[in-house]
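Structure, as structure tokens:
The values are calculated or read from the model by the stated rules, or taken from the named source; none is laboratory data. Only a predicted model underlies this, so the values are computations on that prediction, with no experimental measurement involved. Counting neighbours? That spans all protein chains shown, and the Cβs are built from the backbone with ideal geometry, glycine included.
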Ligand code: NAD
Ligand code: ZN
């Protein structure tokens with residue numbers, strides 16, 4: 001089969017022929033149809049400090065996908081050949097303190113497909129049956145293939161927040177930020193303000209229902225005007241850029257909530273006293289998707305028809321055009337980039 005492989009600890013990917021994976025008794029073999037390309041794949045492509053510290057080549061890249069089940073292991077009971085599925089790409093131990101207290105998303109023994117083991121930019125992937133998520137018949141593989149980043153957005157927007165009626169600021173309108181805009185609108189936010197430096201991405205945020213689209217330098221005036229000087233109830237920080245993180249703390253109201261998804265490239269200084277403590281705010285760190293309440297919410301929102309992520313997908317490529325796919329993400333103006341695999 002074809003697979004996009006990180007063959008060596010240097011820059012780049014190689015599309016090559018590899019054996020179809022063999023499955024264990026508790027796993028299923030999935031024929032990959034669509035797969036989302038993500039910033040993480042770019043880090044692995046460029047072999048930056050994070051990638052070289054974490055990943056051990058050779059391995060197949062990719063962690064966002066959907067496809068059809070082609071083979072099931074002997075112990076698998078609820079997944080059948082022909083099922084249309086996606087999967088949670090974080091494989092957790094199921095045995096540790098966190099897993100056993102309903103917090104598997106922070107399991108310290110997590111192995112991520114396409115990072116710690118073979119991923120989905122290939123004709124087939126082997127997955128534990130416990131990670132498989134069934135797709136409704138009405139959900140195309142293309143949408144199935146972006147459940148992972150959409151799930152990041154659902155987790156960030158809806159965990160511990162009270163979005164109905166709320167005023168929300170989304171800092172950073174990458175694919176996940178743009179999904180989050182649509183989710184907050186569907187969940188009944190009274191006002192969603194989307195901030196980014198990139199006009200193409202602001203236009204996508206507008207298309208997903210943002211009431212206001214602003215540059216970071218315009219954000220403060222808009223928040224003050226819209227909230228009568230109070231600040232927003234909730235900020236979804238989805239850029240990882242220090243300036244935006246400071247702005248999140250500045251523009252959230254006293255007693256409000258900042259949900260932090262964006263990952264800063266390196267440590268930076270925050271004034272805990274003035275930015276967090278004296279404002280009495282709650283800060284929540286997001287990791288992946290909650291298992292599996294985030295997935296249930298996501299499927300129910302998609303089923304309702306009130307949230308349609310399709311406009312976020314702006315680029316589609318065959319696996320052979322992997323260099324173009326990586327370039328489209330680096331360009332910074334794409335929404336979601338998807339591989340059409342089979
Ligand atoms: P992305 O890099 O495509 O999006 C970031 C956006 O922030 C860009 O559109 C950029 O123009 C914008 N931006 C830059 N400076 C800004 C500023 N000052 N104010 C507002 N916006 C600004 O990323 P993505 O794929 O959508 O992911 C978003 C972030 O989430 C990234 O930092 C990524 O590493 C992180 N992430 C975290 C998790 C997790 O589990 N915590 C999972 C996936 C991604
Ligand atoms: Zn665990």
Next item on the list: Those residues that are touching a residue at least 24 places away in the same chain (Cβ under 8 Å), within 15 Å of residue 86 (Cβ to Cβ) and part of a helix (DSSP H, G or I), I need them from region 267-296; list them, please.
Entry: 294, 295
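Considering only residues that are over 19 Å from the mean Cα position of the chain (by Cα) and more than 16 Å from ligand 1 (Cβ to nearest atom), which ones fall in region 97-117?
Matches in region 97-117: 97, 99, 100, 101, 102, 109.
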Check: Quick one: in region 83-102, which of the residues that are assigned to a loop (DSSP other than H, G, I, E, B) and within 8 Å of ligand 2 (Cβ to nearest atom) is farthest from residue 125 (Cα to Cα)?
Finding: 97
Next item on the list: Just name the residue that is surrounded by the most Cβ atoms within 10 Å (Cβ to Cβ) out of those in region 1-40 that are touching a strand residue (DSSP E or B) at 6+ places or on another chain (Cβ under 9 Å), touching a residue at least 60 places away in the same chain (Cβ under 8 Å) and within 26 Å of residue 266 (Cβ to Cβ).
Entry: 37
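For (1) outside any helix (DSSP H, G or I); (2) surrounded by 16 or more Cβ atoms within 10 Å (Cβ to Cβ), each residue gets a yes or a no:
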| site | (1), (2) |
| --- | --- |
| 185 | no, yes |
| 204 | no, yes |
| 213 | yes, yes |
| 221 | no, no |
| 233 | yes, yes |
| 240 | yes, yes |
| 245 | no, yes |
| 250 | no, no |
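Among what's in region 108-125 and is more than 13 Å from ligand 2 (Cβ to nearest atom) and in a strand (DSSP E or B), pick the residue that is farthest from residue 14 (Cα to Cα). Please lay out each step first, then the result.
At the first step, the residues of region 108-125 found to be more than 13 Å from ligand 2 (Cβ to nearest atom) are 112-125.
From what is left, the residues that are in a strand (DSSP E or B) are 112-113, 117, 122, 124-125.
Details: 112: 20, 113: 17, 117: 16, 122: 12, 124: 16, 125: 17 Å.
Residue satisfying both the conditions and the ranking: 112.
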Check: Just wondering, is there one or more residues in region 270-278 that are in contact with a strand residue (DSSP E or B) (Cβ under 6 Å, 6 or more places away or on another chain), surrounded by 15 or more Cβ atoms within 10 Å (Cβ to Cβ) and within 24 Å of residue 215 (Cβ to Cβ)?
Finding: no
Item checked: region 97-109 residues that are farther than 15 Å from residue 285 by Cα, paired with ones that are more than 7 Å from ligand 2 (Cβ to nearest atom) and modelled with pLDDT of 95 or more (beta carbon under 6 Å, 6 or more apart) -> 98/106
Check: Considering 105, 155, which residue is at pLDDT 95 or above, within 15 Å of residue 307 (Cβ to Cβ), part of a helix (DSSP H, G or I) and touching a strand residue (DSSP E or B) at 6+ places or on another chain (Cβ under 9 Å)?
Finding: 155
Checklist line | residue 94 surrounded by fewer than 16 Cβ atoms within 10 Å (Cβ to Cβ) and either at pLDDT 95 or above or more than 15 Å from ligand 1 (Cβ to nearest atom) (or both) | finding: yes
Checklist line | Residue satisfying all of: in region 308-342; assigned to a loop (DSSP other than H, G, I, E, B) and out of contact with any strand residue (DSSP E or B) (no Cβ under 9 Å at 6 or more places or on another chain); nearest to ligand 2 (Cβ to nearest atom) among these | finding: 308
Checklist line | In region 187-202, the residues that are assigned to a helix (DSSP H, G or I) and out of contact with any strand residue (DSSP E or B) (no Cβ under 7 Å at 6 or more places or on another chain) | finding: 199, 200, 201
Item checked: Filter result for residue 193 (more than 16 Å from ligand 2 (Cβ to nearest atom), crowded, with 19+ Cβ neighbours inside 10 Å and at pLDDT 95 or above) -> yes
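What's the total number of residues in region 158-183 that are outside any helix (DSSP H, G or I) and either without any contact (Cβ under 8 Å) to a residue 12 or more places away in the chain or buried (at least 19 other Cβ atoms within 10 Å of the Cβ) (or both)?
Total meeting the criteria: 11.
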